[in-house]
Each structure stands twice: as structure tokens, then as C-alpha cells.
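Only one structure is covered here, and it is reproduced in the block below.
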Amino acid sequence: MFEGFASEVVRLPESSAFVRHGGEGPPVVLLHGHPRTSATWHRVAPRLVERGFTVVCPDLRGYGRSRGPAFTADHAGYTKRVVAQDVVAVMRSLGHERFMLAGHDRGGSVALRLVLDHPEAVRRVALIDCLPLSEHLSRITAKFATQWWHWFFFAQPDIPERVINADPDSWYHGDPRSMGQENHDEWRAAVRDPDVVRAMLEDYRAGLTIDRGHEEADRAAGRRITCPALALWSLRDDLEDLYGDPLKIWADWAPDVRGHGIDSGHHVAEQAPEELAESLGDFFQG
């Protein structure tokens, strides 16, 4: 897994980021979603290296082997804004001031925040299986609340930690055959760590509070994505089922957006790596 890639821990002022990086050429950052680690990209990253890119795969703050500050009642240490700052700092530590960016699921929320807060750093952005958090929350229906109930369960104080940590192997399901054994083993070790579980919950708690406020402030100020954007979504997931064409929603945030669905379940980097890598490579080379 990740043959030819280097791995290191980058020390930051209030956090530390575990990162894999390899290849030569224009830099691309790949941000994973919940509850995965950077290992989820193990079938995509080498394909992008073959396309001529430098590929950087960090664990998000608190996920996997990255660590954040002490947990607080306001969840401020795990907002998308501070996680985006981590990514910018990691890239600068590796010598990259500007880069291409792709984020899946919760990583997509970080990617959106990064491109809005640091537009000078991002040349192109790909947003995979995600919408702005505020767009989800402004469209809450009984169907959404039923299918995405975990958002609101994770936001409860204390209870989710007790439930998940009692038996994380039963709570989180993963198939080593579809994930790849090494990816599965790394992910399984992470979700068995109570500190990682708490950090992942803080991600969701911040999402419903501080992050939503940041996005609503962006809209009120007329702030939009200024670089070319690509929206991708898994056709066997429920994003299109809930909202119709995701491009119509992203068009309000990104004047220059294109995209399409991929025949995959939610974890597209593991289930359809060839098509995902091709879509990302074509867009980033565009």
C-alpha cells in the first residue's frame, strides 16, 4: 500500500498531521471522509502519480494518526476552518504554496472551507459525495433525518462515545476484501481508539454549529469558489436521490463547476478507483 510514498508526521502549533506523499509534478491533496483515514486513497493516489502529479494524503485532524487539541464544549478545535488551516500548513511544510484539492464526504466540507478561506492556495477543487453543510441543513425533511440520522446522534453529548466505544467493531462495518486488507487494518485500528472516535464526533458537532455559521456568513457576504470546481457523486449512494442534480446546488457556490455521477457506493475511492482517478486526473490536467 502506497509503495514509493513517504510518510511523516508534521508538527503544527496546536495539532499534528500524519501525511503520505509521493510522485513528481503539480501537487494534489486528497482529503478523506468519515470514518476513513488517508489509506482510503491507496488505489487512487498511485494512479494520479502515474498521471504526473505529486500526491499528498493527510489524515484529517483527529482522524487516523493525526491529533488535535484538547476537546472543548464549543467544539472549536475541530471546525472545518482549523482543519483547512492544517492542510495549508502541511502543504507549505512540503514546499507547496499552491495545489489542486479533492475532498470526499467530510473531507469535501474541509475542501470547501479551504478554498473559501484560502483562495490563493487552490488552483482547482474537486468535491466528492458532498454538499455544503448549510445546504443539507436548510433542506431537512423526514427522509433526510431518517437516512442521515447519524448527524444528529453524533451531535449529542457523551452518549455516542459510550455507544460506539462499547463495541466499535460492531458500530463500524468494513470489508477487507473491498477495502484492501492494509487499508482495512489501519482503519480498524483507528476506530478502536476512543480519542479518534471523540475527534470524529467533534467534527460532526462543529458541523452543525460553528461550521454552519461560517457557511451562512459566506453566503451573506456573497463569497463563492473562484477556481474551477468539479462535483462528483456516487450513483449508488443517496445524494442524487435526496436532492436531484447536485450540480444545481453547487452552481450557487461555484460559477465554474462541472461534474457527473460515478457508478459506485459511497466509498468511491475504494469501490471505483479507476474511474475516480481518471475523472480527477483529467480535471486537474485541464
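The values are calculated or read from the model by the stated rules, or taken from the named source; none is laboratory data. Quantities reported herein were computed from a predicted structural model and do not represent experimental measurements. Every residue, glycine among them, receives a Cβ derived from its backbone with ideal geometry; neighbour counts consider all protein chains shown. Accessible surface areas use protein heavy atoms only, side chains included; no ligands, DNA or RNA. Shrake-Rupley method; radii C 1.70, N 1.55, O 1.52, S 1.80 Å.
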Seminar exercise, completed: Unit-weight point scatterers at every alpha-carbon of segment 59-133, Debye formula, q = 0.16, 0.28 1/Å: log10 I(q)/I(0) is -0.56, -1.40
Exercise. With the contact rule set at Cα under 8 Å and sequence spacing of 6 or more, what percent relative contact order holds for the chain?
Worked result: 20 percent
Exercise. With every protein chain left in place, what is the accessible area of CYS130 in Å² (1.4 Å probe, nearest 10)?
Worked result: 10 Å²
Exercise. So what's the convex hull volume per residue for the Cα atoms of segment 1-123, in Å³?
Worked result: 95 Å³
Seminar exercise, completed: Carbon/sulfur accessible area of the chain, % of total, 1.4 Å probe, equals 49 percent
Seminar exercise, completed: note: the chain, Cα-Cα separations exceeding 33 Å make up a percent value of 14 percent
Exercise. Based on the alpha-carbon gyration tensor of segment 145-205, what equivalent-ellipsoid semi-axes (square roots of 5 times the eigenvalues) come out, in whole Å, largest first?
Worked result: 22, 14, 10
Problem set entry | Range of Cα positions in segment 89-153 per principal axis (Å), largest first | 46, 18, 16
Exercise. Which whole number of Å³ per residue matches the convex hull of the alpha-carbon atoms in segment 17-87?
Worked result: 78 Å³
For this session: Run the 1.4 Å probe and let me know the accessible area of ILE140, rounded to the nearest 10 Å².
Result: 90 Å²
Seminar exercise, completed: Charge tally for neighbours of GLY95 with beta carbon under 15 Å away, counting Lys, Arg as +1 and Asp, Glu as -1, is -1
For this session: Take the alpha carbon gyration tensor of segment 108-196, find the square roots of its eigenvalues, order them as a ≥ b ≥ c, and report rounded if a/c is under 1.5; if not, report prolate when a/b exceeds b/c, else oblate.
Result: oblate
For this session: Quick one: pull the percentage of alpha-carbon pairs in segment 158-286 with a separation above 19 Å.
Result: 67 percent
For this session: With a probe of 1.4 Å, find how much accessible area the chain has per residue, and write the answer as a whole number in Å².
Result: 40 Å²
